[in-house]
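This report concerns only the one structure given below.
The values are calculated or read from the model by the stated rules, or taken from the named source; none is laboratory data. The shown structure was predicted, so the numbers you read here are calculated from the model rather than taken from an experiment. Here the Cβ positions follow ideal geometry from the backbone for every residue, glycine too, while neighbour counts run over all protein chains shown. Note: accessible area is taken over every heavy atom of the protein model, side chains too, but ligands, DNA and RNA are not part of it. Shrake-Rupley method; radii C 1.70, N 1.55, O 1.52, S 1.80 Å.
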Amino acid sequence: GGIPDFLIDGSNGFLSKPEDFDDLARVLQKALVMNDDERHAMIQRARAVVCEQYLWGAVAEQMKEVFNTL
């Protein structure tokens, strides 16, 4: 799906293998042992991706650029 297009494992979130409960447990363990600074930095990076690429204003601007090239 589209999740790997914006999620960078360990940088702005965590990826786990679909239907692999052992991998999900591994990822959850990584998240639980993060210190506050690491967690805050990851949240900030994730928020930046959403603001840059997925807010309606950003999406509308991208669509405007597409239509202007037609």
Subject >> Rounded to the nearest 20 debye, dipole of the chain from Cβ charges on Lys, Arg, Asp, Glu >> reply: 140 debye
Original post:
Carbon and sulfur together cover what percent of the accessible area of the chain at a 1.4 Å probe radius?
Top reply: 61 percent
**OP:** Grab the Cα-Cα distance for Phe6 and Asp37, subtract it from 0.36 nm times how many residues apart they are, and report the gain in nm with one decimal.
**Re:** 9.0 nm
Subject >> the range 1-44 pair-distance distribution - Cα-Cα, 10 Å bins, rounded % >> reply: 27, 52, 21, 0
Subject >> Å² of accessible area per residue within the range 1-61, as computed with a 1.4 Å probe and no ligands counted >> reply: 78 Å²
Original post:
Dividing the Cα radius of gyration by the Kirkwood radius, what Rg/Rh value follows for the range 10-70?
Top reply: 1.20
Subject >> Dipole of the chain [Lys/Arg +1, Asp/Glu -1 at C-beta], most positive-end residue of Ala31, Gly13, Val66 >> reply: Val66
Original post:
Once amide H atoms are built 1.01 Å from N in the peptide plane, which residues 5 or more positions from Gly13, or in another chain, come under 5 Å H to H?
Top reply: Ile8
Original post:
Hey, what did the chain get for relative contact order, percent, Cα under 8 Å, at least 6 apart?
Top reply: 27 percent
Original post:
What is the extension gain from Thr69 to Arg45, computed as 0.36 nm multiplied by their sequence separation minus the C-alpha to C-alpha distance, in nm to one decimal?
Top reply: 5.6 nm
Original post:
Expressed as an acute angle from 0 to 90° and rounded to the nearest 10, what is the orientation of the C-alpha long axis of helix 21-32 relative to the principal long axis of the chain?
Top reply: 90 degrees
